1. Please state which one of Glu127, Glu172 is closer than 23 Å to Gly204 by Cα and part of a helix (DSSP H, G or I).
2. Where residues in segment 87-114 are assigned to a loop (DSSP other than H, G, I, E, B) and charged (D, E, K, R), which of them is most open to solvent (accessible area, probe 1.4 Å)?
3. Kindly establish whether Ser244 is in contact with a Gly (Cβ under 9 Å, 6 or more places away or on another chain), farther than 15 Å from Ser167 by Cα, of a type in the set (Gly, Ala, Ser) and surrounded by fewer than 20 Cβ atoms within 10 Å (Cβ to Cβ).
4. Look through Arg93, Arg28, Arg103 and report the one residue that is basic (Lys, Arg), closer than 30 Å to Arg369 by Cα and in contact (Cβ under 8 Å) with a residue 24 or more places away in the chain.
5. Filter segment 187-239 for residues that are among the basic types (Lys, Arg) and assigned to a strand (DSSP E or B); which is farthest from Gly162 (Cα to Cα)?
6. In segment 61-81, which residues are touching a Gly at 6+ places or on another chain (Cβ under 9 Å) and part of a loop (DSSP other than H, G, I, E, B)?
7. For segment 180-212, give me the residue count where each residue is among the charged types (D, E, K, R) and surrounded by 18 or more Cβ atoms within 10 Å (Cβ to Cβ).
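The values are calculated or read from the model by the stated rules, or taken from the named source; none is laboratory data. These figures come from a predicted structure and were not determined experimentally. Glycine gets a Cβ as well: all are built from the backbone with ideal geometry, and neighbour counts include every protein chain shown. Accessible surface is based on the protein model in full, side chains and every heavy atom, while ligands, DNA and RNA are left aside. Shrake-Rupley method; radii C 1.70, N 1.55, O 1.52, S 1.80 Å.
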Amino acid sequence: MMMTQNLDLDVYNMDLRQFLDGFLPLQRRILEILISLSENDTKYIQAKEILYKLNVNEGLMDESEFESCCDELNGHVGPIDSYLPDSVGYSYRTLLQMGQPWRCRYPYFDFHGAIGDLHDDQPAGPEYLQVRLSRFSHVIFPDGEAPLLPLSLLNGTISPEGHVTPSHHLNELWIAMEEVRQNPDITLDQLVEIMPGPDFAFGGVVFGNTASRTLYQEGKGNLILRGSVEILIEGPRTRIAITSLPQGVLAKTILDHIRNLSRSQPDIIGFKDASFQNQIKIMVEATSRWSSSSLVSFLFKETALEQQVPYVLPGGNSLIDVLKRGVSSCSPAWVKKSGGKTDFVPLLKDILKHGGYKSALSDLGDDRRSRILDS
């Protein structure tokens, strides 16, 4: 079903909307513009057309200045922190991040054209890229109502104050919401059995159950994110393979770090990027002076393979309080199979026992998971 042409509804106030969808104002406006320009579910819109409406029609930028900015972007798109917040480049990078699968756990947009990849994130310019709403967007925003899940938890968010909320796996978040709906007195111990920790776009490792629990209990906490590493050879020669990266880290960054280390560490005798598209595989080879564990520990310490990130749950509240608010504020995820109006959603155990209800969320989950290690 096509989303409503007006996402800026009075269904919920600004604070509640920020809690539910997690969008910064620029992200929300980009989404609204794309919806307003879309004639149907399948049509792609040129990214430049979205930027024109945002920067010229609404931002009052001179048209010749806008064309000059787009020409520069068509030649090279820099990282987002190289642009001022009110620039065309910043708007374009924001649009891209809402659909790049290594940055957005459940992308809001589908693209036609080059959007870069997890290796070096070098997309084409806005004149060569087309955009449409993803299937996820069509499902998660039902007819312009409040979303089915609090996207501030699902896809994560950055608040205007710079506070970062981590993303989570859709199925885990949905089941956790159902458990809170059925049992408002659920304990955190019971909840983390369902939703043990954050889940990021391309896997990786969340290091420390204790840290995740602190985040969920107190509403804020530091998490250590790591890439995944496989041991390939150990003996006369040590070889490992890096197979995933922490959220937001590019393969190019890791390769640059390893290249610099190999110049000062002669026992690191080789490295190779065997990545393909969004499948990471960086091979590192060393002499037997390095055990696999010592080499891995060294790389965690000296490269961006390990990141410590401070996270905050929406409003700085506990996970249980956030999910309770989500239960009372989100649109029902269940609809009657008969197509009749849903005035009351029964408990999950009754749905499983008697049937009669369905949910589009059941088709949106995937097998990607971040591993959560205790130590």
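1. Glu172
2. That would be Arg103.
3. So Ser244 does not fit the description; no.
4. Every option except Arg103 fails the conditions.
5. Arg237
6. Hits for segment 61-81 are His76, Val77, Gly78.
7. 2
So that you can scan it fast, the table gives a plain yes or no per residue for (1) out of contact with any His (no Cβ under 9 Å at 6 or more places or on another chain); (2) modelled with pLDDT under 90; (3) charged (D, E, K, R):
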| position | (1), (2), (3) |
| --- | --- |
| Ser159 | yes, yes, no |
| Asp189 | yes, no, yes |
| Pro196 | yes, no, no |
| Val206 | yes, yes, no |
| Ile224 | yes, no, no |
| Ser244 | yes, no, no |
